[in-house]
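Data block below; observations after.
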Amino acid sequence: MNTYLFYDIETTGLSKAFDQVLHFAAIRTDHSLNELERHEIKIKLNPDVIPSPAAMITHHMGLKEIAEGMNELDGIKQIHHWLNLPGTISLGYNTLRFDDEFLRFSFFRNLLPPYTHQYANRCGRMDLYPMAVMYFLFKNTVLKWPIINGKPSFKLADISTENQLAEGRAHHAMVDVEATLALARLLFKEREMWDYLIGYFNKEQDQARLRDLQNAPALMIDSIFGSEKCYQSPVLFLGTHQYYKNQLLWLRLDSEELTKITPDTVSEAFVVHKKIGEPSFILPFKERFLTHLSPERRALSESNKQWLAEHPDIFSQLRTYHAGYQYPIYPETDVAASLYLNGFWNYAEENFCRTFHISSHSQKAKLIEQVQNPRLKMLALRILGKHYPEMLTADQTEQFADYMKKISSADDNEILIDYQGKKRLTPRTALNEIEELRKNSKLTPTQLKLLDELEHYLQSFV
């Protein structure tokens, strides 16, 4: 049976590699958006995770609440099962740019296949946020759009309040899921628009559409362009990325800086990387789609296009540079953040992961000693150390203790980094953030109490 799984997560922070899920909620529906079942779990705080103060005062989950629930291993296995049921299309609000990638790292860290929910067994993904932007532009009357400080707001909480989508506090996982499903039902009323937009999340359909747009200017719709640009920009196809084969490169044509590009500054051009089957949405440059594009921006785009035609050497260098650009690799990337650095597990490694999950806790410790892959060995060791430390051997206990020392280390050279070179949040940094947040007079008494509790907890690390 093909179904939608509307879901939301609340986390300890924004780091996909180092933070964790605390609360997961989901509602499964059929493809007519009739509810079939609900899921909701709480996951207790891992001993190696430092909660972000900003996250704590956003989702309002106190230390007592996050000290209860399932352990992360069992919780993430359950979430993985729900997202991977055959025929499941998982979706939420802004899930593709945060929740989905966050879960991908959670699956990887817990030795579960991180990508199968994207393609295997008729599974796939969608996202209501970019769809809402399209409705705002082209089917504006489908709901009431909140205006904050003179600009439309696409925050789920604001849309929910304006349209009375759900009752309860925003940033509560189930409340946000209910609001997302209610929003989907409003959008679904314009069925032709809904069916057209879900085609953008189908790789074959998206690729077929894009194939027809690669020889002339097109119109890209994406929230990254902002309200002043009506969330859109004329673009020109540059090509497929040389190393990241699932990425297509599109050059923004309405930039006033484009004609200032030289062979030495091609890296500064505004180029958007689009993955097939994911936003941005790209439309033909036809009059019926251009109602929000001002005459000035049209003229600038045409002028820039002509300039590129007159400077084929610059255009060629633009394509060569951006198609060949590789993200920097940080050799010291922590193992938990290494998802993108070493490719997929091979058959033997996948077999180890499966065996690890079905083994008893005592057998898991033996498997750790036997595995040769250092990445697998460390991930498995951390799983056991966090949840079943009594099962570790003496040597494994010492290795895990060394890892835990780095979590609270004051030595800048010992702080773990992710795949982008960003440092893991330390207790001292979190304590400093609490002091900065307290200077904000808009905090509620509840938020101040949450910060007090977190401060007391963090002081035990330093």
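Here are a few things to note about the model shown:
- Treating r as the C-beta distance of residue 350 and residue 195 and R0 as 41 Å, the FRET efficiency rounds to 0.65.
- Cα centroid separation, region 91-165 to region 168-205 (Å): 8
- Trypsin sites (Lys or Arg not before Pro) lying in DSSP loop within region 119-200, provided at most 16 other Cβ fall within 10 Å: 139, 144, 155, 169, 189
- Once the Cβ-Cβ distance of residue 342 and residue 77 is raised to the sixth power relative to R0 = 22 Å, the FRET efficiency obtained is 0.45.
- Furthest towards positive pole of dipole, 425, 34, 143, structure part the chain, Cβ charges: 34
- Given R0 = 56 Å, the distance between the Cβ atoms of residue 67 and residue 208 translates into a calculated FRET efficiency of 0.65.
- With the simple spin-label model, which puts each label point 7 Å out from Cα in the Cβ direction, the residue 121 to residue 240 separation comes to 3.0 nm.
- Positive-end extreme of charge dipole, the chain - chosen from 447, 186, 71 (charges on Cβ): 186
- Charge dipole magnitude, Cβ of K and R +1, D and E -1 - the chain, Cα centre, debye nearest 20: 700
- Label-to-label distance for residue 311 and residue 185 is 5.4 nm, based on points extended 7 Å past Cα in the beta-carbon direction.
- Number of Lys-Lys pairs in region 202-324 with C-alpha atoms under 15 Å apart and a separation of 8 or more places or on different chains: 6.
- Taken over the C-alpha atoms, the chain has Rg and Dmax values of 23.9, 72 angstrom.
- Between the listed residues 374, 361, 404, the Cα displaced farthest toward the positive end of the dipole of region 335-414, a dipole computed from Cβ unit charges relative to the Cα centre, is found at 361.
- Phi to ³J(HN,Hα) by Karplus 6.51 cos²θ - 1.76 cosθ + 1.60 over region 354-360, Hz, x for Gly, Pro: 5, 5, 4, 6, 8, 7, 5
- Mean-position separation - Cα centroids, region 292-321 and region 233-256, in angstrom: 12
- Here the gap between residue 357 and residue 32, fully extended at 0.36 nm per residue and compared with their Cα-Cα distance, gives a gain of 113.4 nm.
- Non-local Lys pairs in region 3-190, i.e. 8 or more apart or on different chains, that have alpha carbons under 30 Å apart: 22
- Simple spin-label estimate for residue 397 and residue 1 gives 4.9 nm between the two label positions (7 Å along the Cα-to-Cβ direction from each Cα).
- Long-range HN-HN contacts of residue 124 with modeled amide H, under 5 Å: 88, 89, 90
- J(HN,Hα) series, region 237-247, from Karplus relation 6.51 cos²θ - 1.76 cosθ + 1.60, nearest Hz, glycine and proline x: 5, 9, x, 8, 5, 5, 9, 9, 5, 8, 10
- Separation between Cα centres of region 382-447 and region 41-82, rounded to whole Å: 15
- Within straight-line reach of residue 405, meaning a Cα separation under 12 Å, sit the following aspartates and glutamates at least 8 residues removed in sequence or on another chain: 48, 414.
Read-outs: derived from the displayed coordinates by stated rules, not from any lab. Bear in mind that the values here come from a model prediction, so they are computed numbers and not experimental data. Backbone-built Cβ (ideal geometry, glycine too); neighbour counts: all protein chains shown.
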